[in-house]
Amino acid sequence: MLALVYEIGGSNTRAALVNTLTLEVLFEARSPTPNFHSHGKAGIDGLLEALAATIRDLAQSARSHGQANLVAIGYPGPISPEGIALSSPTLLGASLDRHLDIADLVHRATGLRRVVAMNDVTACGFRYVADGETDFALINVGSGVGNKLFVRGNPVIGPGGRGGEFGHFTVDMRPDASLCECGGRGHLAGISSGRGVERAVRQAARQDPPGFRGSALGEDDSDLRLIDTPAIVAAFRGGDEWTIHHVATATRPLAHAMAGLHTATGTESFILVGGFALALGPAWRDLLAVQCAAACWNLGQDWQRMVRLGEPGDRDGLIGLAFAAGRDVA
């Protein structure tokens, strides 16, 4: 059975044609995702039509490589069992955000009747289930922050599909806390994500000019515009103490959330995925494990063993979608 799978991201949409039994990727392509940054002036109808056109064009490209039996989509927001996206902050932004029947949109754009829709982090988690993992928490740290708890190979998301969104848990109650893309303030995703860390480091540079100028990030004429996530990653991996300190400060709320998840559920396996997490690498994993240990009591658990980086590469969501779709219709 062949599945046409889509992984919709805030910046890019990736599509693939995947064998649901062997998980072989037969075709893969990507296209920029229409979002409120690029298509906001067109209003909600124009933006959704552009998204449908992107999905339709990618489906047409895939047809020369095989005929799909079903379509599966990984979406950057909570998905109800009926395929309704309950929120889409990275695509629609706070002003345009609303419930969206993403399953119907994909059905109409591709012409395929069988549609499997799930959150993108859930899809990524199924890639690890396909590898034999059963009980774990997947922590995604990229442009946002997401999580999914898997128990016996199934995601724990609640009857309405609202679980696994601790990126939108408020960790900073101050009225002037960082603004999240969903419109809320003080959310974990607005602080510990790649974009959140970037904002925090820029703020630290403004508040501590001498420290910034003495750092690896301040070597290029102290131009704050040059502070982006690739530059932060390079400075962190290069051992720059000023950068490491501020990355650690921004990461601490994530460690508290993970410790809370552990103490609430008992899960003892955390897999870190996402572009920012994997780019920061083992030293950041070590730092996070230490922070998690400090954020809860000690019952003999080994956080250095419990926290690990996911597999390199960017096909996790595509493969996970195909695996889940095949299991769903088996």
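Expressed as a whole percent, the accessible surface of the chain that belongs to carbon and sulfur atoms is 51, based on a 1.4 Å probe.
Applying 1/(1 + (r/R0)^6) with r as the Cβ-Cβ distance of ARG108 and ARG162 and R0 = 25 angstrom yields a FRET efficiency of 0.45. Between ALA234 and LYS41, the simple label model (points 7 Å from Cα in the Cβ direction) yields a spacing of 3.3 nm. Converting phi to 3J(HN,Hα) with the Karplus coefficients 6.51, -1.76 and 1.60 and the offset θ = phi - 60°, region 29-40 yields 8, 9, 8, x, 7, x, 9, 5, 6, 8, 10, x Hz in sequence order, with x at every glycine or proline. Derived scalar couplings between HN and Hα for region 90-97 equal 6, 9, 9, x, 5, 6, 9, 4 Hz in order, rounded to whole Hz, by the Karplus curve 6.51 cos²θ - 1.76 cosθ + 1.60 (θ = phi - 60°), x for Gly and Pro. For ASN12, the residues whose amide H sits under 5 Å from its own are THR33, ignoring neighbours fewer than 5 places away on the same chain, with H placed 1.01 Å from N. Angle of helix 120-130 to the longest C-alpha principal axis of the chain, folded into 0 to 90 degrees and rounded to 10: 80°. Entry comment: accessible area of the chain is 45 Å² per residue, from protein heavy atoms only and a probe of 1.4 Å.
Along region 45-55 the Karplus relation, 6.51 cos²θ - 1.76 cosθ + 1.60 evaluated at θ = phi - 60°, assigns HN-Hα couplings of 5, x, 5, 5, 5, 5, 5, 4, 5, 4, 5 Hz to successive residues, with x for each Gly and Pro. Here is how the number arises for the chain: DSSP H runs of 4 or more residues each give -39500 (n - 2.57), the sum is divided by the residue count, and the result at 222 nm is -13000 deg cm²/dmol. Between amide H atoms placed 1.01 Å from N, distances below 5 Å from LEU23 occur with no residue 5 or more places distant or on a separate chain.
Give me the net charge of SER269's neighbourhood, meaning all other residues with Cβ under 10 Å from the Cβ of SER269; Lys, Arg count +1, Asp, Glu -1. List each step's numbers first, then the result.
Working: positive: ARG305, ARG308; negative: GLU133, ASP135, GLU268.
Value of the local net charge: -1.
Relative contact order for region 150-282: 19 percent, from Cα pairs under 8 Å spaced at least 6 residues apart, divided by residue count. Using +1 at the C-beta of Lys and Arg and -1 at the C-beta of Asp and Glu, which of ALA248, GLY238, MET258 has the Cα lying farthest in the positive direction of the dipole of region 210-261? Final value for the positive-end residue is MET258. Modelled spin-label separation between ASP135 and ASP57, with each label point placed 7 Å from Cα along the Cα-to-Cβ direction: 4.7 nm. Distances between placed amide hydrogens fall under 5 Å for GLY163 paired with GLY158, all partners being 5 or more residues away or on another chain.
Using a Gaussian network model of the chain in which every pair of alpha carbons under 10 angstrom is joined by a spring, one finds that among ILE102, ILE319, ILE44 the greatest mean-square fluctuation is at ILE44.
Placing dummy labels 7 Å off each Cα toward the beta-carbon, the span from SER11 to LEU299 is 4.0 nm.
The values are calculated or read from the model by the stated rules, or taken from the named source; none is laboratory data. Everything numeric in this text was worked out from a predicted model, so none of it was measured. As a convention, Cβ positions derive from the backbone with ideal geometry for all residues, glycine included, and neighbour counts pool all protein chains shown. Surface accessibility is based on the protein's heavy atoms, side chains included, excluding ligands, DNA and RNA. Shrake-Rupley method; radii C 1.70, N 1.55, O 1.52, S 1.80 Å.
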